[in-house]
Amino acid sequence: MSKPRRILPGFHLSLGIALVYVSIILLLPLGSLVGQLADLSWARYWSIITDPRNLASYRITVLSAALASLFNMLFGLLCAWVLVRYTFPGKRILDALMDLPFALPTAVAGITISTLYASQGAIGQWLGFKVAYSWLGIVVAMAFTSVPFVVRTVQPVLEELPASVDEAAITLGASNAYAFRRVILPFIWPALLTGTGLAFARSLGEYGAVIFVAGNMPYKTEVTSLMVVTRLQEFDYPAAAAIASVVLIASLLLLLVINIYQARFFRRIHGNQHV
Amino acid sequence: MKKASLFTVSRLHGLAPLALALALGGAVVPAAQADTTLTNASFDVARELFAALNKPFIAEWDKQHQDHLVIKQTHAGSSTQARSIIQGLNADVVTFNQTSDIDVIAHAGLIDSNWQQRLPEHSSPFYSTMAFLVRKGNPKHLTSWQDLAEQGVELVFPNPKTSGNGRYTYLGAWASQSALNHNDEANTEAFMRRFLANAVVLDSGGRGATTSFIERGQGDALITFESEARSLAKQYGDKYEVVVPKVDVIAEMPVAWVDASVRKNNSEALAKDYLNYLYTPQAQTIIADHFYRVRNEQVAKQIAGRFPDTHLLNISDVFGSWDSILSTHFASGGKLDQLQRQ
């Protein structure tokens, strides 16, 4: 590939600044996390991360995040679809609302959700089962804080897909379901998967919103990020770092898998040009 | 990276005096009034108390000095405050609800290790005990710690791992059962297992637990400091009742000046004055008005009828030192973890 001509000069300067920025914002904190881990022997590290209570928290966190992400996959896609394909009064407001979970402090979200879903709350009193102070509350809080990831990754891709494409599919004799499954879904699938994966990774580490609605009962509704904070309260920084490293590694692996899958997907569809 | 930033500074050397002048110019304007400040790091539910205590102290100071005294209050769970101070929060005095949290700061070298001997009454000018806030009429007839462990009773108290309030709850339940069964530890542990299993929410701090009980309607009883329970009952009038069990533990509220901070801030005399003021009849009256129990005998006599007669156990008599309490009960893998295991 020939070297493309750059319009703006200053590659070295901008790369340098980018690297320094990444180092300060990302690598330095991660480095100090690893530094804390250095105080631990392997045996101790292993016994901390396989403590039964922590194991229970992984299970609760992963299951809740999975369920929340699944919901967001479906309803996030629906929201993106509605926002792209239809015009209706208040569309811009709905569009702006989608970013609210990013803007709202997560603690506020958690308090609001626990107010609504408590057994005497505006929503909770009509439900026959417990949401706030049960693991369902964790799912609701996670779904709330991570829905924009799905909407905002799917939306621009859907915008690139003109309505004429599905019209063409229908004209050629496809049923609605077939057109969606074979024409639209393959086109947005990588974006949908990325959005859902990001939502899942975000949910794994969610603390602020979850903590107010979970009830935080040992073995039942304790999420992994609470286990980290609890260890910090005990002034046991290495143990906190050990548990945090599990979340970190899980998230990194997840993002890696999504990236690999996405790259393979693009290769299959477009040949090598996008990779 | 350190190199890079030094380089930038040296390159900017020509501009530095200008920048410095601008920065100082900004700082000089408020400094002209030259307020004296004192920072008090305190526990979560002490906001109203210190707001009331600071007012007369400031008035007195302003009368005797040329400048104005500003007392900055910060409030959080006292373990959180201890961590903040170790990590650099420049607080002149600490007013906590846990001696162990001051010990943590002392271990870090920021407070003299004999701090408990520096002021009267083990540096604890006031104290409280644990109480139950129950819904009006006490429908489940909860009058003792033992009642709280009965089947079908739902409890709200903060997590003993993260909250002093929660630790006193745990220790109060333990001590009362232990007194009942004459130190039969197996019996006490079985009781504690039932007691802990009755919790429906474990918030990380006292105010969170209060919110769960009052705003969200969780649980049959909120377990908290008597002072907090009684001010809640007063605030919500007819909706709640306070129950103080017959056998209970003393929750001492320790205070200390932070040696490292007062040296840096040159505020040692002021910090000592402030803490000694907490022992004066004037301050003790204010403290008693906030439903804390006080040391001053005169004041205690005046308000004798206000506090129910309770057999108060000393934490150190029942459990030993806070260091051993923390490692036996609350450390990872300790008694609390074992009792919560299913």
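The values are calculated or read from the model by the stated rules, or taken from the named source; none is laboratory data. Because the structure is a prediction, the values reported are computed rather than measured. Note that each Cβ is placed from the backbone with ideal geometry, even for glycine, and that neighbours are counted across all protein chains shown.
Miscellaneous remarks
- For the stretch B:286-309, a residue qualifies if it is under 16 Å from B:PRO245 (Cα atoms), surrounded by fewer than 18 Cβ atoms within 10 Å (Cβ to Cβ) and touching a residue at least 40 places away in the same chain (Cβ under 8 Å), and exactly one does: B:PRO308.
- Against the numbered list (1) over 16 Å from the mean Cα position of the chain (by Cα); (2) touching a residue at least 60 places away in the same chain (Cβ under 8 Å); (3) buried (at least 16 other Cβ atoms within 10 Å of the Cβ), A:ALA107 comes up short only at (3).
- Listed by position, the helices (runs of 4 or more DSSP H) enclosed by the stretch B:149-263 that each have at least 1 residues that are under 29 Å from B:THR285 (Cβ atoms) are B:164-180, B:206-214, B:226-235.
- The residue that is modelled with the lowest pLDDT, counting only those in the stretch A:218-239 that are within 20 Å of A:ARG202 (Cβ to Cβ) and among the hydrophobic types (A, V, I, L, M, F, W, C), is A:VAL229.
This table checks each residue for (1) in contact (Cβ under 8 Å) with a residue 24 or more places away in the chain; (2) within 14 Å of chain B (Cβ to nearest Cβ).
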position	(1), (2)
A:ALA199	yes, no
A:THR224	yes, no
A:ARG231	no, yes
A:ASN259	no, no
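- Verdict on B:GLY109 being assigned to a helix (DSSP H, G or I), away from chain A (no Cβ under 11 Å) and over 21 Å from B:GLN235 (Cβ atoms): no
- Residue match in the stretch B:157-171 (condition: hydrophobic (A, V, I, L, M, F, W, C) and within 16 Å of B:PHE319 (Cβ to Cβ)): yes
Residue-by-condition table, conditions (1) more than 14 Å from every other protein chain (Cβ to nearest Cβ); (2) β-branched (Val, Ile, Thr); (3) surrounded by fewer than 21 Cβ atoms within 10 Å (Cβ to Cβ):
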| site | (1), (2), (3) |
| --- | --- |
| B:SER163 | no, no, no |
| B:ALA175 | yes, no, no |
| B:LEU180 | yes, no, yes |
| B:PHE191 | yes, no, no |
| B:ARG194 | yes, no, yes |
| B:ALA197 | no, no, yes |
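- Residue within the stretch A:163-184 that is touching a residue at least 60 places away in the same chain (Cβ under 8 Å) and either out of contact with any strand residue (DSSP E or B) (no Cβ under 7 Å at 6 or more places or on another chain) or of a type in the set (Val, Ile, Thr) (or both) present: yes
- Sole exception among (1) of a type outside the set (A, V, I, L, M); (2) within 14 Å of another protein chain (Cβ to nearest Cβ); (3) surrounded by 15 or more Cβ atoms within 10 Å (Cβ to Cβ) for B:GLN87, by number: (3)
- Of the residues in the stretch A:153-171, at least one is at pLDDT 90 or above and within 12 Å of the chain's Cα centre (by Cα).
- Qualifying positions in the stretch B:199-238 - within 22 Å of the chain's Cα centre (by Cα) and among the aromatic types (Phe, Trp, Tyr): B:PHE213, B:PHE225
- Yes/no for B:VAL201 being within 14 Å of another protein chain (Cβ to nearest Cβ), in contact with a Phe, Trp or Tyr (Cβ under 7 Å, 6 or more places away or on another chain) and within 27 Å of B:THR143 (Cβ to Cβ): yes
- Any hit, the stretch B:139-147, residues being in contact with a helix residue (DSSP H, G or I) (Cβ under 9 Å, 6 or more places away or on another chain) and within 26 Å of B:SER327 (Cα to Cα): yes
- Considering the conditions (1) modelled with pLDDT under 90; (2) within 21 Å of B:VAL294 (Cα to Cα), B:ARG83 is excluded by exactly one of them, (2).
- Of all residues in the stretch A:233-249, those satisfying the criterion of being without any contact (Cβ under 8 Å) to a residue 40 or more places away in the chain and within 14 Å of chain B (Cβ to nearest Cβ) are A:GLN233, A:GLU234, A:PHE235, A:ASP236.
- Filtering the stretch B:217-236 to residues that are touching a strand residue (DSSP E or B) at 6+ places or on another chain (Cβ under 8 Å) and either more than 26 Å from B:PRO308 (Cα to Cα) or within 11 Å of another protein chain (Cβ to nearest Cβ) (or both) leaves B:GLN218, B:GLY219.
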